[in-house]
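Comments concern the structure below.
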Amino acid sequence: TPDLGPAHTGVFQAMVKSECHFINGTDRMRFVKRYIYNREQYAMFDSNVGVFVGDTPYGEKVARYWNSDPEWMEYRRAAVDRHCRHNHELSTWFLVGR
């Protein structure tokens, strides 16, 4: 098997990670979307903040670009309902009894 540890060089990874945080069922929900490149988060969207935030100089440029598009931001802000609330409704019957 190949060595995939931190010392492995020449490997780059791009990843987008979406998270739903549920506080007291659906009373308070939070949607977080993280953008990661080469094991470093460069930008994120947090529904509690309502805009993209850059974590690196490149991420700040990306966040400014995304935040400047009203349609994209409307779509992203609705993700808490589209993803989190929807998935909570689908999985509650299965998860509540556990």
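Sub-7 Å Cβ pairs linking a first residue in the range 21-43 that is part of a strand (DSSP E or B) to a second residue that is of a type in the set (Lys, Arg), at least 6 apart or interchain, are His21/Arg30; Met29/Arg85; Arg34/Lys17; Ile36/Lys17; Gln41/Arg34, ordered by first then second residue. Out of the residues in the range 23-66 that are more than 30 Å from Val11 (Cα to Cα) and crowded, with 16+ Cβ neighbours inside 10 Å, which is modelled with the lowest pLDDT? Looking at the filtered set, the residue picked out is Met29.
The values are calculated or read from the model by the stated rules, or taken from the named source; none is laboratory data. Bear in mind that the values here come from a model prediction, so they are computed numbers and not experimental data. Cβ coordinates were reconstructed from backbone atoms using ideal geometry, including for glycine residues, and neighbour counts include every protein chain displayed.
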